[in-house]
Amino acid sequence: MASPTPAPQVAPSGIHGLGAFVTADLPAGALLGTYDGRRFTPEQLLAKDWDPRVTYLFSMSNGSTIDGGRGGNATRHINHSCLPNCEAAEEYGARGRLVVRIYTSVPLRAGEEAFLDYGLIIDETDSPGAYPCFCGAPGCRGTMVATTPEDRVPAAEPAAMQVATI
C-alpha cells in the first residue's frame with residue numbers, strides 16, 4: 001500500500017487555468033491523491049445538461065463517471081500534457097468500491113505541476129481540434145484527444161478522462 005502524501009496545491013498554471021502542484025519531493029510511484037467527486041451512472045450522465053466549457057469528468061471502466069467539480073478535490077486541477085508525469089489507476093478502495101488514484105510516473109520535485117495524458121475519446125462527429133493541447137512538450141499531439149491507439153488509456157488500467165477542462 002502506498003504511503004500518504006501531502007495533497008497537491010492548486011495554483012495558476014503556465015499550461016492552462018489552474019493546475020495541481022506537488023508540495024513535497026515525490027518518488028516515481030508515489031500516490032498523489034484520489035480523484036473524488038459525485039458519481040454518475042451512464043444513464044444519469046446522458047440525462048444531465050453539462051456546461052461544455054468547464055467539466056471535470058473522469059470515466060471509469062465500470063461505466064460510471066466521477067464529476068470532480070462536485071465534491072472533488074485538488075486532483076481535478078491536474079492538467080493534460082502529451083508528456084505526462086503522472087498516471088491514473090483504477091483500484092478497489094477499502095469499502096470495495098472502484099476508485100481512481102493518481103500516481104507519479106517519474107520523480108517530482110516540490111513545486112512541480114502534475115500532468116496526466118487525458119487520452120480523450122470523442123464522438124466521430126467531433127474534431128480533435130476542438131480539444132486543443134497547450135502543453136508544448138516535445139512531440140505534442142496538439143490535441144488532448146487520443147489520436148492513435150497508443151494514446152488511448154487502456155480500459156483495464158488507468159481510467160480515461162472523457163471530458164476535460166477546456
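Quick look at the numbers
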{"item": "Candidates GLY93, GLY17, GLY71, filtered to the one that is in contact with a strand residue (DSSP E or B) (Cβ under 9 Å, 6 or more places away or on another chain), of a type outside the set (A, V, I, L, M, F, W, C), loosely packed, with under 15 Cβ neighbours inside 10 Å and within 23 Å of ALA137 (Cα to Cα)", "result": "GLY17"}
{"item": "Conditions (1) touching a Cys at 6+ places or on another chain (Cβ under 9 Å); (2) assigned to a helix (DSSP H, G or I): number failed by THR75", "result": "(1)"}
{"item": "Test set (1) farther than 19 Å from LEU32 by Cβ; (2) of a type outside the set (A, V, I, L, M); (3) modelled with pLDDT of 90 or more; (4) within 10 Å of the chain's Cα centre (by Cα) - ARG76 fails condition number", "result": "(1)"}
{"item": "Cβ pairs under 9 Å, 6+ apart, first in segment 93-105 and under 11 Å from ALA28 (Cα atoms), second β-branched (Val, Ile, Thr)", "result": "THR104/THR5; THR104/VAL22"}
{"item": "Failed item, numbered, when PRO84 is tested on (1) surrounded by fewer than 20 Cβ atoms within 10 Å (Cβ to Cβ); (2) assigned to a loop (DSSP other than H, G, I, E, B); (3) at pLDDT 95 or above", "result": "(1)"}
{"item": "Residue in segment 27-68 that is modelled with the lowest pLDDT, counting only those that are surrounded by fewer than 16 Cβ atoms within 10 Å (Cβ to Cβ) and of a type in the set (D, E, K, R)", "result": "ARG53"}
{"item": "Residue in segment 14-26 that is within 23 Å of ASP123 (Cβ to Cβ) and modelled with pLDDT under 95 present", "result": "yes"}
{"item": "Residue list for segment 31-60, filter: within 16 Å of the chain's Cα centre (by Cα) and either free of Cβ contacts under 8 Å to residues at least 60 places away in the same chain or farther than 20 Å from HIS80 by Cα (or both)", "result": "ASP36, GLY37, ARG38, ARG39"}
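The values are calculated or read from the model by the stated rules, or taken from the named source; none is laboratory data. What you see is a predicted model, and the numbers here were worked out from it, not measured in a lab. So basically every Cβ, Gly included, is an ideal-geometry build from the backbone, and we count neighbours across all protein chains shown.
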